[in-house]
Amino acid sequence: MGLGAVYLLISKFASEGNANVNAVCDDNIESFSSSEWNGFSSEKQQELLLKYRLTYLAETEVNWCPALGTVLANDEIVNGVSERGGHPVVRKKMTQWSMRISAYAERLLQGLDQIDWTESLKESQRNWIGKSVGASVTFKVNNHDEVIEVFTTRPDTLWGVTYMVLAPEHPSVKKITSIHCHKYVEKYLEKVNKETEIYRTSLDKEKTGVFTGAFCINPVNGEKIPVWIADYVLSTYGTGAVMAVPGHDERDFEFAKKFGLPICEVISPDGKKHEKLDAAYIDPGVMVQSGPFSGQPSDTNIPKVIDYLKEKEWGGARVNYKLRDWLISRQRYWGAPIPIVVCEKCGIVPVPEDQLPVLLPEKVEFKGTGESPLLTNEEWVNTQCPTCGGRARREVDTMDTFVCSSWYYLRFLNPDLKTAAFDSEMVRKWLPVDQYVGGAEHAVMHLMYARFFMKVLYDLGYVDHDEPFTKLVHQGVITNLGAKMSKSRGNVINPDGYIDEYGSDVFRMYMMFMGSYTDGGDWSDDGIQGMNRFLNRIWRLFEMIDDSPPLGKEKERIVELDRQRHYAVKMVTQDLNRFHFNTAISRIMELVNALYLYIQDLRPDQQNQKMIHDVLKTLVQLIAPFAPHLGEELWHRMNSEDSVFNSKWPDWNEKKLQIDQMTVVVQVNGKLRSRIQVEANSDDQIVKDIALKDPKIKKYIESKKITKVVVIRNKLVSIVVK
Ligand code: ANZ
Ligand code: ZN
């Protein structure tokens, strides 16, 4: 994909980071709630977007996959190996482009309340965004200028802090480590450098760490506490530093036990003091040994502790999100080139809009060295600086394909447009997508990135909506003999043969009928034959009808057939809107059965041909979305010039759906024995069954031989026994 809004975005924002190739992002990017954000003027929004450079270049620790020769996003790694192919992944420092999705964390969270997605999907997005509400607290390092800030969700445990833990990569580590501990710290850093994040944070892993030789002062009680480093603390979360409360945090408890660090109780279940804790007590309780808060409930006092910290200038409220920025540089050929050139004089220069899109060069070599293949085409790489005309080189990395899938639905409205990334008028007319269908595997990446893109485009005034997909359903998985179809298993059903044999209508309908759309279903050869028989049954129905004018009529049967028609229209309409295709097809089958009953039960001179014609017309309209070829063909046979798809979808009348209940008397050997309630015009066989099962009747017919049963519709059942 060439042209793109993304190019506009990248060039717009990259220009900010212009002079400095190593422009590392400032961590303290503010994030705004949607109400706050919407309160800003559009100039203010633009200014903030530019200030916070939505696309930026930074030296980051990346997940490097040597086998695939590329960087992978966190989401592309499952259980420590690459999602595609299952290759090992290591940490490596690289200068890469990222998109600052983290600045949109709060709005991505709040937007979920406005869209009609499944709760489970929204929950995965909420977990991915990972909002934590808590406090930041600043600790002074003893005999040192350095201060260490921590993020905690449990400021109520502050009086129980017995040591501090820094991430090994924390910038203070080098500054505060004492001469005696230097050797051990260095060795530990070397070891940790080889570990992946997933390994570091796994809960069952044995805790490791080293003492830095430095101490901090706990501001609330003046206690001197040792500072350690440990790999379970991540530099990328919160502040990269943790105040450890072994009395009330399981990880800290385990760590303290292993290294003989003190454990102190400050939250008590019953308000009493206990001598020794056998495990961390993590639930709320009564604050003990907690200065001015002693004796007070822990959970409800968290806001008061935060106020106290603020008043003393030791800290304050802080919200933290797990959502990380989105690293988009890939050392792959198949992706949109990043529209940036690096000039010897001007530094990083975005390719101007009138030179977009930057097309992929066709002549490249695939060396598998891990460098981008684009690097092998010198002619393409060497270019002119758009600003000064001097010598410059193109950025050789391409973008993560999720960048393109974040906005393709804008482009697809008018893919031929040459002058802009998308056609704003069509976007205004057609978007947001009112019904999106996609696999559950897209729960966090594609569906999060696309939402982010739409919010940015909205903030920049390019679109009028800030959620791309109003409604979303996941399609289920179709299995073969219970196993997921896959090329490697060799159990994939190829539609072509079946379409040759039965036609695509039968194939489509069988797919829709085999199970609920969202659950999927299991493929069966018998099943597709059954669907073939059903469509033939519809076809025969049309062959049976003759064009003779209406003669007599049987009023009740007409009412019933009409009821069936209205019922089918109602149910199919509702089921289609809910994606319940399988049950919609069942309704159509019922309507076909009702038609057969009507035609077969009545002599042609009793049939109302106009009625039959009307029901058949409705039937064709209902079947057309499922079996378009059959639908169109039958529509033309009914003497219509126009396409069935131009006809108006049928309506139903709620009043016609009501079924009258009739009281039918039941006689045994001529004597009235019971009365039963049945639907008006019920089938004789159905009424007979109800009568024979009636508890009052049972005792008269038990252990006797039934010689005759006569049903008079809507009136009487007469049973003769011997
Ligand atoms: C003290 C404390 C006491 C904590 C206690 C918890 C329980 P969530 O909910 O996931 O946001 N933490 C903070 N930064 C960390 C990092 N970079 N790496 C690893 N752990 C980190 O977790 C927030 C809690 O995780 C914080 O609250 C901190 O431990 C730890 F009884 O502070 B807590
Ligand atoms: Zn230049």
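Only the coordinates and a few stated rules stand behind these numbers; no lab work does. In this text the structure is predicted, and so the values were computed from the model without any measurement. Positions of Cβ are generated from backbone atoms using ideal geometry, with glycine treated the same way; all protein chains shown enter the neighbour counts.
Residue by residue through the range 570-586, which ³J(HN,Hα) values in whole Hz follow from phi under the Karplus form 6.51 cos²θ - 1.76 cosθ + 1.60 (θ = phi - 60°), with glycine and proline marked x?
4, 5, 5, 4, 5, 5, 4, 5, 9, 6, 9, 5, 5, 6, 4, 5, 4
What translational D, rounded to a whole number of µm²/s, comes out for the chain from Stokes-Einstein when the hydrodynamic radius is the Kirkwood one over Cα pairs, at 4 °C and 1.567 mPa s? Spell out each step's value before the answer.
Details: Rh = 32.3 Å.
D = 40 µm²/s.
Can you give the extra length, in nm with one decimal, that the chain gains between THR583 and ARG428 once fully stretched, where that is 0.36 nm per residue apart less the Cα-Cα distance?
Gain in length upon complete extension: 52.3 nm.
Highest mean first, what order results for 149-158, 311-320 on Cβ atoms within 10 Å?
Ranking, from highest mean packing down: 149-158, 311-320.
What translational diffusion coefficient, to the nearest whole µm²/s, does the range 303-447 have by Stokes-Einstein, given a Kirkwood radius computed over alpha-carbon pairs, a temperature of 20 °C and 1.002 mPa s viscosity?
Details: Rh = 19.2 Å.
Rounded to a whole number, D works out at 112 µm²/s.
Once fully extended, how much extra length lies between LEU597 and VAL720, figured as 0.36 nm per residue of separation less the alpha-carbon to alpha-carbon distance?
Length difference between fully extended and current span is 41.5 nm.
In whole Hz, with x marking every Gly and Pro, tabulate ³J(HN,Hα) for the range 710-719 from phi via Karplus 6.51 cos²θ - 1.76 cosθ + 1.60, θ = phi - 60°.
Couplings: 10, 10, 10, 3, 6, 10, 8, 10, 10, 10 Hz.
Take the Cα gyration tensor of the range 52-208, multiply each eigenvalue by 5, square-root it, and list the three semi-axes largest first, rounded to whole angstrom.
Computed over the range 52-208, the values are 31, 25, 17 Å.
For the range 381-459, build the convex hull from the C-alpha positions and give me its volume per residue in Å³.
For the range 381-459, the hull spanned by Cα atoms encloses 146 Å³ per residue.
Dividing the Cα convex hull volume of the range 248-329 by residue count, how many Å³ per residue is that?
163
Please report, to one decimal in angstroms, the Kirkwood hydrodynamic radius of the range 145-283 built from all distinct Cα-Cα pairs.
When all Cα pairs of the range 145-283 are included, the Kirkwood radius is 15.5 Å.
Residues of the range 448-472 with amide nitrogen under 20 Å from the 7 Å Cα-to-Cβ point of CYS404?
448-454
Considering only DSSP beta bridges where both residues belong to the chain, give the percentage that are antiparallel (nearest 5).
85
By per-residue mean of other Cβ atoms within 10 Å, what is the highest-first order of 115-123, 167-175, 492-500, 235-243?
235-243, 167-175, 115-123, 492-500
If you consider only alpha-carbon coordinates, what radius of gyration and Dmax does the range 429-586 have, in Å?
My reading of the Cα-based Rg and Dmax gives 22.0, 70 Å.
List the residues, sorted by chain then number, that are 5 or more residues from LEU327 or on another chain and whose placed amide H is less than 5 Å from its amide H.
Under 5 Å from the amide H of LEU327 lie the amide H atoms of MET99, each far enough along the sequence or on another chain.
Quick one: check the C-alpha center-to-center distance for the range 250-316 versus the range 144-160, whole angstrom.
Each part reduced to its Cα centre gives a spacing of 12 Å.
For the residues ILE198, ILE719, what sequence is obtained by ranking on other C-beta atoms within 10 Å, fewest first?
With the sparsest Cβ surroundings first, the list reads ILE198, ILE719.
For the range 589-722, just the Cα atoms, rotate onto the principal axes and tell me the three extents in Å, largest first.
Sorted largest first, the three principal extents are 63, 29, 25 Å.
Long-range amide H contacts for GLY247: which residues qualify at under 5 Å (H placed 1.01 Å from N, peptide plane, sequence gap of 5 or more or a different chain)?
CYS264
Mind giving me the nanometre distance, one decimal, between the label points for GLU362 and GLN114, set 7 Å out from Cα along Cα→Cβ?
The modelled label-to-label distance comes out at 4.5 nm.
Take the range 500-640, drop everything but the C-alpha atoms, weight them equally and run the Debye formula without solvent; then report log10 I(q)/I(0) at 0.21 Å⁻¹ to two decimals.
Summing over Cα pairs of the range 500-640 leads to -1.31.
Find the centroid of the Cα atoms in the range 397-421 and in the range 685-722, then give the distance between the two in whole Å.
Centre-to-centre (Cα) distance: 71 Å.
With both bridge residues required to lie in the range 406-526, what share of the DSSP beta bridges run antiparallel, to the nearest 5%?
Bridges in the range 406-526 are about 20 percent antiparallel.
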